[in-house]
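To start, the structure itself, in structure tokens.
The values are calculated or read from the model by the stated rules, or taken from the named source; none is laboratory data. Worth saying up front: this structure is predicted, and the values here are computed from it rather than measured. With ideal geometry, Cβ positions are generated from the backbone for all residues, glycine too; neighbour counts draw on all protein chains shown. For accessibility, only protein heavy atoms count, side chains too; no ligands or nucleic acids. Shrake-Rupley method; radii C 1.70, N 1.55, O 1.52, S 1.80 Å.
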Amino acid sequence: KSLSETFGADKYSRARKEVLTYMFSRPMQMALYFCTGVLDDESLFHHYALNVPFYTHFTSPIRRYADIVVHRLLSASLGARSPIKMEKEAIQKQADHCNDRKMASKRVQELSGDLFFSIFVRVRP
């Protein structure tokens, strides 16, 4: 609400709000996938914003491989399926790969936003 009031109601107000909102959230630390079995420090499982000591995040398993792994691990821990036949080091290797791909995707998204912003500034009178 405060951003909407600050940027007014001209034809560029929505674009200014979106760009600055994106720029404000850009420095926030990205969540990382990891296998709890390879970490000794349980404080690393903490979710800062929610202030909970243990946290796992996943979305629909049709979206990302990491979500499929989380669904399978949770199902196994609840006894709904047999355990995954992967060593914890192999799970961590998959988590590292997913983190690398997620970082690359975020970088491309940032660069495309930068490109849009530079075009926007150039064509704006």
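State all residues of segment 97-125 that are part of a helix (DSSP H, G or I) and in contact (Cβ under 8 Å) with a residue 40 or more places away in the chain; if no residue qualifies, say none. Step through it out loud before you land on a result.
So the first thing to find is which residues in segment 97-125 are part of a helix (DSSP H, G or I), and the list is 97-123.
Answer for segment 97-125, where residues must be part of a helix (DSSP H, G or I) and in contact (Cβ under 8 Å) with a residue 40 or more places away in the chain: Cys98, Asn99, Lys102, Met103, Lys106, Glu110, Gly113, Phe117, Phe120.
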Ser60 passes all but one of (1) at pLDDT 80 or above; (2) within 21 Å of the chain's Cα centre (by Cα); which number fails? (1)
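So, in segment 72-81, exactly how many residues are assigned to a loop (DSSP other than H, G, I, E, B) and open to solvent by less than 70 Å² (accessible area, probe 1.4 Å)?
Filtering segment 72-81 down to residues assigned to a loop (DSSP other than H, G, I, E, B) leaves 78-81.
When the remaining residues are screened for being open to solvent by less than 70 Å² (accessible area, probe 1.4 Å), the result is 79.
Total meeting the criteria: 1.
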Within segment 45-57, which residues are modelled with pLDDT of 80 or more and either open to solvent by 90 Å² or more (accessible area, probe 1.4 Å) or not in a helix (DSSP H, G or I) (or both)? His46, His47, Leu50, Asn51, Val52, Pro53, Phe54, Tyr55, Thr56
Condition broken by Ala95, with the remaining ones in (1) in contact with a Cys (Cβ under 8 Å, 6 or more places away or on another chain); (2) of a type in the set (A, V, I, L, M, F, W, C); (3) modelled with pLDDT under 85 satisfied: (3)
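Return the residues of segment 21-43 that are modelled with pLDDT of 80 or more and surrounded by 10 or more Cβ atoms within 10 Å (Cβ to Cβ); say none if nothing qualifies.
Hits for segment 21-43 are Leu32, Tyr33, Phe34, Cys35, Thr36, Gly37, Val38, Leu39, Glu42.
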